[in-house]
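The values are calculated or read from the model by the stated rules, or taken from the named source; none is laboratory data. Being a predicted model, the structure only gives us computed values, none of them experimental. Here the Cβ positions follow ideal geometry from the backbone for every residue, glycine too, while neighbour counts run over all protein chains shown. Note: areas computed on protein heavy atoms with side chains; ligands, DNA, RNA excluded. Shrake-Rupley method; radii C 1.70, N 1.55, O 1.52, S 1.80 Å.
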Amino acid sequence: MMKKKYFLLGSLLILVFSACKKADYPIEDASSYTKVFMQLANNGVIENKMAIEDSWQRFGFGAGCGGVELLSQDIEIGFKIDEEAIAEYNQGNATNYSLAPEGSFRLTEDKVTIPGGATGSNTIYLEVNPFNLQGTKEYLIPISITSNSANLPITEGLGTTYYLVSGFYENNPFEPYSQENWTIHDYSDDENDGATTGGRAHHAIDGNIVTLWHSQWRKDENGWRPGHPHFIAIDMHETLTLHGIKIYGRVGSKYAYLFPKDVFVETSMDGENWTPAGTYTLTASADDTSATMYFAKNVQAQYFKFTTLSSKGGGATTAVTEIVAF
């Protein structure tokens, strides 16, 4: 009886080990299934916002390979900055990105190596200098695989990594331009509030934080006064590189309702043809009644126009004590 039990147990063990043994199914030309790819290409667009300073920031990347079996020889992978890929990205994502300005980015090297028997390469770097981006605009920098020494196919959708880069100002590094020779080129409306506060358009550039430009607040005989938009256009009488503008509102919490909220800025070389420089939503406090607007892209201009689309209090009027450019 005991011998029969041992016989049954042995038979069961043979069956178990037979079931667990890995089947050997050879794949013909297994190396042909190996592909190369960029690991970071699977992460969508890689966004990098950098404080604007004159220094090079590094972003590492490399390549990988995978398949049924690993290759025994080293594989050299080549890369390039792929400007043509931007159009394809824009079309597929309903965006309008462009390549970063020349001199604002570079590759430390354009090749990596995947050692034989390994699945990943060494790391090389995309370097970006945010100061050379010339503003706060977002730019797209695609990096694509261009070649590999084993002539392996590229995994579909993993051949290009997209870097979305932009800069921001932690503090304003620019000195304001002198207003001494500035004049008012045009304006929508203003108000004569007397010698103390002024109210006229030219008081926005007189260097006096007390006097101000005030949109027309008195109603006419029909009970009407102009609402937004209100604008003021300034002639600097020389061509300057503009990085942005700063405005100052009327001091005192009781005047907070006059502070511009939604605004639009334009620039011009001739005072007739205007180019948008940015749309902004501004905030101010009782302690700091100012707002700084950095342009997405630095621009050469002689004129700039500041237009208010709404004010903090939601009313029809607005006031600005000073407008400076930098």
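Quick rundown of the values:
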{"item": "About the Cα centre, charge dipole magnitude for the range 186-229 (Lys/Arg +1, Asp/Glu -1 at Cβ), debye", "result": "120 debye"}
{"item": "Ordering of 297-303, 80-86, 272-278 by burial proxy (mean other Cβ atoms within 10 Å per residue, highest first)", "result": "297-303, 80-86, 272-278"}
{"item": "Exposure ranking of R250, R106, R58 by accessible area [1.4 Å probe, largest first]", "result": "R58, R106, R250"}
{"item": "Dipole of the chain, positive end: most advanced residue of G249, Q134, I145 [Cβ charges, Cα centre]", "result": "I145"}
{"item": "Exposure ranking of Y257, Y97, Y163 by accessible area [1.4 Å probe, largest first]", "result": "Y257, Y97, Y163"}
{"item": "Built amide H within the under 5 Å cut-off of T34, gap 5+", "result": "V68"}
{"item": "In order through the range 119-132: 3J(HN,Hα) via Karplus (6.51 cos²θ - 1.76 cosθ + 1.60), integer Hz, x for Gly, Pro", "result": "10, x, 9, 5, 9, 10, 9, 8, 10, 10, 9, x, 5, 7"}
{"item": "Rounded Å value of the spacing that divides the Cα centres of the range 303-326 and the range 195-259", "result": "6 Å"}
{"item": "Whole-number percent relative contact order across the range 169-304, with pairs defined as alpha carbons under 8 Å at least 6 apart", "result": "23 percent"}
{"item": "Distance between modelled label sites at T196 and S285, nm, 7 Å Cα→Cβ extension", "result": "2.8 nm"}
{"item": "Distant-in-sequence amide H partners of G244 (H built 1.01 Å from N, under 5 Å)", "result": "F295, F326"}
{"item": "Largest to smallest principal axis extent of the C-alpha atoms in the chain, angstrom", "result": "118, 53, 33"}
{"item": "Rounded percent of accessible protein surface that carbon and sulfur make up, the range 46-100, 1.4 Å probe", "result": "39 percent"}
{"item": "Backbone HN-Hα couplings from phi across the range 174-189 [Karplus 6.51/-1.76/1.60, Hz, Gly and Pro as x]", "result": "9, 7, x, 6, 5, 8, 3, 9, 6, 9, 7, 7, 6, 7, 7, 5"}
{"item": "The range 220-278, accessible surface, carbon-and-sulfur percent (1.4 angstrom probe)", "result": "49 percent"}
{"item": "Tail beyond 17 Å, pair distance distribution of the range 153-268 (Cα, percent)", "result": "68 percent"}
{"item": "Exposure ranking of F295, F264 by accessible area [1.4 Å probe, largest first]", "result": "F264, F295"}
{"item": "Only Lys, Arg (+1) and Asp, Glu (-1) charged, at Cβ; the range 114-194 dipole about Cα centre in debye", "result": "1080 debye"}
{"item": "The range 221-232 - phi-based ³J(HN,Hα) in whole Hz, Karplus 6.51/-1.76/1.60, Gly and Pro as x", "result": "5, 9, x, 10, 9, x, x, 5, x, 10, 9, 9"}
{"item": "Given charges at beta-carbon only (K, R positive; D, E negative), |dipole| of the chain in Debye", "result": "2060 debye"}
{"item": "Estimated inter-spin distance, A94 and Q73, nm [label 7 Å along Cα→Cβ]", "result": "4.8 nm"}
{"item": "Given K219/K254; K219/K261; K49/K261; K219/K297; K35/K297, the pairs whose alpha carbons are separated by over 31 Å", "result": "K219/K297; K35/K297"}
{"item": "The chain: calculated mean residue ellipticity at 222 nm from DSSP helix runs of at least 4, using -39500 (n - 2.57)", "result": "-3000 deg cm²/dmol"}
{"item": "Relative contact order for the chain, counting Cα pairs under 8 Å that sit 6 or more residues apart, in percent", "result": "17 percent"}
{"item": "Residue-normalised accessible area of the range 205-257, given per residue in Å² at a 1.4 Å probe", "result": "52 Å²"}
{"item": "Amide hydrogen neighbours beyond the local backbone of N298, cut-off 5 Å, H modeled", "result": "G135"}
{"item": "Bridge type composition, the range 166-281 - antiparallel percent by DSSP, nearest 5", "result": "85 percent"}
